[in-house]
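K.L.:
Sharing a structure, written as structure tokens. Questions coming.
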Amino acid sequence: MTEFTANLASTKVITVSELNRMARNVLEQSFPLFWVSGEVSNFTRAASGHWYFSLKDSGAQVRCVMFKGRNSYVDFVPREGDKIEARCTVTLYEARGDFQLTVEFVQRAGLGALFEAFEKLKNKLALEGLFDESNKLPIPKHPKQIGIVTSADAAALRDVLSTLKRRMPNIPVIIYPTPVQGKGVAQLIANAINTANIRAECDVLIICRGGGSIEDLWQFNEEIVARAIANCSIPTVSGVGHETDFTICDFVADIRAATPTAAAELVTPSRDALLSSLNQLKMHLTRNLQFSLNQRAQALDYLARRLTSPTQQINQQKLQLAQITHRLQSAALQQLKIRQQNLLRLSQNLQHLNPQAVLTRGYAFVQDTNGGIVSNSDQLNKGDQVKLTFGIGSADAIINKVNS
């Protein structure tokens, strides 16, 4: 027996507040967190940020409240007549005794089935390797021509074209028009991708459309579109929806862009950035060139100081020759003077040693018949013939007597 039934069975009289509190406890304990679907009516957003509305079907309705701390995680605001699915608990608002649902999360009706189909196809294609990084083609940095698969009257196309024109207006663009929303559109999107692949006239292909609900973007979750992208030999960029939107197209494409505008930025270099980089390179080259010219000019000045004209060289050589001649003459005169002095000295010495000079003073020297000098009387015998040489003239004599 519960507290509620026990209190009712007693004779005690309870207050309305006690009754509602017991009823709330019974409801909250009896109903775990569950999903309920219905149509939104009487939707009100209070100043506090809480949502108040009713969910109804053809036979009944129930009051609902979704507090600010929970509704801030929802990416849309329910409108009158929207069919939604709410994850909630049952409670009782004690102050008025109103039976109501406390909503934890809401989504558009049918999203559960869509998410299930999305995950199923995603897992299937992942197992086949369609999402593998090894299969991704690199996006060219400087494409010569860009292709776009989207609706010809879509706002996304205008955003892409505007971005391409701003970033690199000289790159030609080819549009492969196709509807991007509605039943059977997936086949048309795949046909446009296949056409671009067959014509092979672009270096990169943007597949894009603007944001929307999961139902609006569902055509880009179809297997036929995924396989058309996987079979495309042109590098592909997926720019479907907003930053928080993800489709199968994003996983199969060679690269995902958060938005169509971001896709246009990914496939084109920025003209302004290139011009800025070019100006920086120009300035760097100018500085290096000027530095090199200054170095060469300085070297040229140094060489110019060392370089002289032929006339100057001849004059310098003449001057050097004159100097050398002068030095040689000076050296020759010096040597001549030294030789003359030596000759004089030797002449004087020779004069002093000259026997003829001695003879002029009254002396004479004796020679035998062979011309030998007789310096000792022991060299002579009586009767030897000798020659006497005087300072002036000579005479022949015969030895009559020898004295030891």
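K.L.:
Among residues belonging to region 169-214 that are farther than 23 Å from residue 266 by Cβ and touching a helix residue (DSSP H, G or I) at 6+ places or on another chain (Cβ under 7 Å), point out the one that is modelled with the lowest pLDDT.
P.N.:
Start the filter on region 169-214 by keeping residues that are farther than 23 Å from residue 266 by Cβ, which leaves 179, 181-188, 191, 198, 213-214.
If we keep only those that are touching a helix residue (DSSP H, G or I) at 6+ places or on another chain (Cβ under 7 Å) as well, we get 179, 181, 185-187, 214.
On the way: 179: 94, 181: 87, 185: 92, 186: 94, 187: 95, 214: 76.
Residue satisfying both the conditions and the ranking: 214.
K.L.:
Part of a helix (DSSP H, G or I), over 60 Å from the mean Cα position of the chain (by Cα), closer than 30 Å to residue 387 by Cβ and of a type in the set (Ser, Thr, Tyr) - does that describe any residue in region 330-341? So that I can check it myself, show each step before the final result.
P.N.:
Here is the first cut: in region 330-341, the ones part of a helix (DSSP H, G or I) are 330-341.
Restricting the remaining residues to those that are over 60 Å from the mean Cα position of the chain (by Cα) gives 330-341.
If we keep only those that are closer than 30 Å to residue 387 by Cβ too, we end up with none.
Within region 330-341, not a single residue is part of a helix (DSSP H, G or I), over 60 Å from the mean Cα position of the chain (by Cα), closer than 30 Å to residue 387 by Cβ and of a type in the set (Ser, Thr, Tyr).
K.L.:
Looking at region 237-260, which of its residues are of a type in the set (S, T, N, Q) and touching a Cys at 6+ places or on another chain (Cβ under 9 Å)? Give the steps one after another, and end with the answer.
P.N.:
First pass over region 237-260, keeping only residues of a type in the set (S, T, N, Q): 238, 244, 247, 259.
Hits for region 237-260 are 238, 259.
K.L.:
Let me ask something else about it. Considering only residues that are closer than 17 Å to residue 240 by Cβ and either hydroxyl-bearing (Ser, Thr, Tyr) or out of contact with any Gly (no Cβ under 8 Å at 6 or more places or on another chain) (or both), which ones fall in region 171-186? Before you say what the answer is, go through the steps one by one.
P.N.:
Going residue by residue through region 171-186, those that are closer than 17 Å to residue 240 by Cβ are 175-182, 185-186.
The answer is 176, 177, 178, 179, 180, 182, 185, 186.
K.L.:
Right, here's the next one. How about region 378-393: which of its residues are loosely packed, with under 13 Cβ neighbours inside 10 Å and either touching a strand residue (DSSP E or B) at 6+ places or on another chain (Cβ under 8 Å) or touching a residue at least 24 places away in the same chain (Cβ under 8 Å) (or both)?
P.N.:
Going through region 378-393, the residues loosely packed, with under 13 Cβ neighbours inside 10 Å turn out to be 378, 381-383, 385, 392-393.
Selection gives 378, 383, 385, 392.
K.L.:
Let me ask something else. For residues that are under 21 Å from residue 72 (Cα atoms) and touching a residue at least 60 places away in the same chain (Cβ under 8 Å), scanning just region 91-108, find the one that is farthest from the chain's Cα centre (by Cα). Spell out how you get there, then give the answer.
P.N.:
Step one: list which residues in region 91-108 are under 21 Å from residue 72 (Cα atoms), which gives 100-108.
In the following step, the residues that additionally are touching a residue at least 60 places away in the same chain (Cβ under 8 Å) were identified as 101, 104, 108.
On the way: 101: 57, 104: 48, 108: 46 Å.
Here the answer is 101.
K.L.:
Can you name every residue in region 259-273 that is outside any helix (DSSP H, G or I) and in contact with a Ser or Thr (Cβ under 9 Å, 6 or more places away or on another chain)?
P.N.:
268, 270
K.L.:
Residues that are under 22 Å from residue 147 (Cα atoms), of a type in the set (Ser, Thr, Tyr) and in the same structural domain as residue 184 (by TED's automatic domain parsing): does region 207-225 have at least one?
P.N.:
no
K.L.:
Looking at residue 284, is it out of contact with any Ser or Thr (no Cβ under 8 Å at 6 or more places or on another chain) and surrounded by fewer than 10 Cβ atoms within 10 Å (Cβ to Cβ)?
P.N.:
The answer is no for residue 284.
K.L.:
Checking the condition surrounded by fewer than 22 Cβ atoms within 10 Å (Cβ to Cβ), among the hydrophobic types (A, V, I, L, M, F, W, C) and not in a helix (DSSP H, G or I), which residue from 174, 206 passes? Walk me through how you get there before you give the answer.
P.N.:
Values: 206 fails: surrounded by fewer than 22 Cβ atoms within 10 Å (Cβ to Cβ).
Of 174, 206, the one residue that is surrounded by fewer than 22 Cβ atoms within 10 Å (Cβ to Cβ), among the hydrophobic types (A, V, I, L, M, F, W, C) and not in a helix (DSSP H, G or I) is 174.
K.L.:
Sticking with this structure for a sec: Kindly check whether there is at least one residue in region 274-289 that is outside any loop (DSSP other than H, G, I, E, B) and in contact with a Pro (Cβ under 8 Å, 6 or more places away or on another chain). I'd like the intermediate steps shown before the answer.
P.N.:
Kept after step one, since they are outside any loop (DSSP other than H, G, I, E, B), are these residues of region 274-289: 274-289.
From the residues that got through so far, the ones that are in contact with a Pro (Cβ under 8 Å, 6 or more places away or on another chain) too are none.
There is no residue in region 274-289 that is outside any loop (DSSP other than H, G, I, E, B) and in contact with a Pro (Cβ under 8 Å, 6 or more places away or on another chain).
K.L.:
With respect to residue 100, is the statement that it is closer than 30 Å to residue 48 by Cβ and in contact with a Lys or Arg (Cβ under 7 Å, 6 or more places away or on another chain) true? Talk me through it step by step, then tell me what you get.
P.N.:
Values: closer than 30 Å to residue 48 by Cβ: yes; in contact with a Lys or Arg (Cβ under 7 Å, 6 or more places away or on another chain): yes.
Yes; evaluated as a whole, the condition is true for this residue.
K.L.:
Just checking, how many residues over region 209-241 are in a helix (DSSP H, G or I) and surrounded by fewer than 21 Cβ atoms within 10 Å (Cβ to Cβ)? Give the derivation first.
P.N.:
Within region 209-241, the first condition is being in a helix (DSSP H, G or I), and the residues that meet it are 218-221, 223-230.
Remaining after also requiring surrounded by fewer than 21 Cβ atoms within 10 Å (Cβ to Cβ): 218, 223-224, 227, 230.
Summing the residues that are in a helix (DSSP H, G or I) and surrounded by fewer than 21 Cβ atoms within 10 Å (Cβ to Cβ) in region 209-241 gives 5.
K.L.:
I would also like to ask the following. Take the residues in region 126-156 that are of a type in the set (Lys, Arg) and over 20 Å from residue 194 (Cβ atoms); name whichever of them is farthest from the chain's Cα centre (by Cα). Outline the logic, then answer.
P.N.:
Keep residues of region 126-156 that are of a type in the set (Lys, Arg), which gives 136, 141, 144.
Still in the list and also over 20 Å from residue 194 (Cβ atoms): 141, 144.
Working: 141: 14, 144: 23 Å.
Result: 144.
The values are calculated or read from the model by the stated rules, or taken from the named source; none is laboratory data. Treat the numbers as computed from the prediction; the structure is a model and nothing was measured. Note: ideal-geometry Cβ built from the backbone for every residue, glycine included; neighbour counts use all protein chains shown.
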